[in-house]
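A.B. asks: Dropping the structure in here first, questions after.
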Amino acid sequence: MNIGFIGLGIMGTPMAANLVRAGHTVVGYDVSEQRLDELVSHGGKAAGSLAEAVAQAHIVITMLPDSPQVEEVVFGSAGLLEYGAPGLLHIDMSTIRPETSRRVAQAATVKGIRAIDAPVSGGERGAVDGTLSIMVGGRAEDVESAREVLGVLGTTIVHVGPSGAGQTVKAANQLVVGGIYGLVAEAIVLLEASGVDPAAGLDVLAGGLAGSRILELKRHSMIKREFAPGFRIDLHDKDMGIIIAAAREAGVALPLTGVVAQLIAAARAQGHGSLDHSALLKVIERINA
Ligand code: NAD
């Protein structure tokens, strides 16, 4: 399969590398030259332009920061709708607004291009290991034709509904993840302030009902205050905006989400936007300092 891969960041590069390893021809494009070199070192090909990455592709995967970048790549004059061949399958794996995914899918249909939203959970580790959870929105037949490629990238692949539904599930995922990080941060602050070894304390939590993938993967680095991303605060802040907009659209109140959104906004305002979202601990510490 010829796969165009747009957006070779923390997630995109290891995902593209896994597709190369699975035998696909991957032609990548990123606005950063350095990212292209990294893809080539994994056996992929560097496209000189977006149009070049799209033109020969059977499938185009986008893994971009936010809705405006996806809109630029899809609707831009050098973009996917302009250069994509009819029948092309566009799998957008970025986390963006559900409403943008629906607009992308509608516009693609007019051009004979099939588009699905397939955001992911599992972080950089899941991207490297090919064990992402993938929540897919779109027409059943389009989702079926994406399954083989998605199976290279993830182990849990669920068709959750029509176009945009994948993004709504991802929004739900991000509110849970943000909330758990906030609470783990508060647990560390409490343990340390009480003179209890946080490593021993969190080991117990990880094995009990409070256990979670976040505790399993991140408790040690949080206690050591290692906050290299991972998933940047800037991106989680973007996701909180998506969640709050989705809640408004659905007409529901999510009070805990509101608090978490403010804490993540504070992390950004305090200059921690490029750190991992586990750096929420810095905000909880500062409240208490
Ligand atoms: P990132 O910032 O590391 O990567 C994004 C890449 O897109 C960068 O290399 C950037 O240069 C490139 N880019 C930006 N605009 C572009 C354009 N117009 N054309 C081509 N390339 C462009 O971000 P990431 O952490 O890889 O996240 C990507 C998406 O996946 C985001 O929507 C994020 O919310 C989501 N996500 C990230 C994680 C994670 O743990 N990092 C986990 C799940 C989902």
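A.B. asks: Output wanted: per-residue J couplings in Hz (rounded whole) for the stretch 192-203, from phi through Karplus 6.51 cos²θ - 1.76 cosθ + 1.60, θ = phi - 60°, x for Gly and Pro.
C.D. replies: Those phi angles translate into 5, 5, 8, x, 9, 4, x, 5, 5, x, 6, 4 Hz.
A.B. asks: Below 13 angstrom from the Cβ of VAL40, what's the summed charge of the other residues (Lys, Arg +1; Asp, Glu -1)?
C.D. replies: Here the count lands on -2.
A.B. asks: Starting from the Cα gyration tensor of the stretch 1-148, take the square roots of the eigenvalues, sort them a ≥ b ≥ c, and report rounded, prolate or oblate (rounded when a/c is under 1.5, otherwise prolate if a/b is larger than b/c, else oblate).
C.D. replies: Cα axes put the stretch 1-148 in the rounded bin.
A.B. asks: With the crude spin-label approximation of a point 7 Å out along Cα→Cβ, what separation in nm comes out for HIS58 versus ALA247?
C.D. replies: A separation of 4.3 nm, rounded to one decimal place.
A.B. asks: Ordered by residue, what ³J(HN,Hα) values in Hz, to whole numbers, does the stretch 58-75 give under the Karplus form 6.51 cos²θ - 1.76 cosθ + 1.60, where θ = phi - 60° and Gly and Pro are x?
C.D. replies: Once θ is set to phi - 60°, the couplings for the stretch 58-75 become 7, 10, 10, 9, 10, 9, 10, x, 7, 3, x, 5, 5, 4, 4, 5, 7, 8 Hz.
A.B. asks: How far is helix 213-223 tilted, in degrees, relative to the longest principal axis of the Cα atoms in the chain, given as a value from 0 to 90 rounded to the nearest 10?
C.D. replies: Its long axis makes an angle of about 60 degrees.
A.B. asks: On to the next question. What angle do you read, to the nearest 10 degrees and between 0 and 90, between the alpha-carbon axis of helix 140-153 and the longest principal axis of the chain?
C.D. replies: 60 degrees
A.B. asks: Count charges around ALA289 for me, please; just the other residues with Cβ under 15 Å from its Cβ, Lys/Arg as +1, Asp/Glu as -1.
C.D. replies: Residues near ALA289 contribute 0 overall.
A.B. asks: Please state the shape class of the stretch 3-56: rounded when a/c is under 1.5, otherwise prolate if a/b exceeds b/c and oblate if not, all from the C-alpha gyration tensor.
C.D. replies: The shape class here is oblate.
A.B. asks: Which value in Å is the Kirkwood Rh of the chain over different Cα pairs?
C.D. replies: That comes to 19.6 Å for the chain.
A.B. asks: Same structure again: If the viscosity is 0.692 mPa s and the temperature 37 °C, what Stokes-Einstein diffusion coefficient in µm²/s follows for the stretch 168-287 when Rh is the Kirkwood radius over Cα pairs?
C.D. replies: So the translational diffusion coefficient is about 225 µm²/s.
A.B. asks: Under 23 Å between alpha carbons, and skipping anything fewer than 8 positions from LYS238 in its own chain: which lysines qualify?
C.D. replies: LYS170, LYS218, LYS282
A.B. asks: Just to confirm my numbers, what's the Cα centroid distance between the stretch 176-226 and the stretch 71-101 in Å?
C.D. replies: Using only Cα atoms, the two centres lie 39 Å from each other.
A.B. asks: Next question, about the same structure. Which percent of Cα-Cα pairs in the stretch 120-203 sits in each 5 Å bin, short to long?
C.D. replies: 3, 14, 17, 16, 14, 10, 9, 7, 5, 3, 1, 0
The numbers here are math on the coordinates, done by the rules we state, and not lab data. Everything numeric in this text was worked out from a predicted model, so none of it was measured. Reconstructed Cβ throughout: ideal geometry from the backbone, glycine too, with neighbour counts over all protein chains shown.
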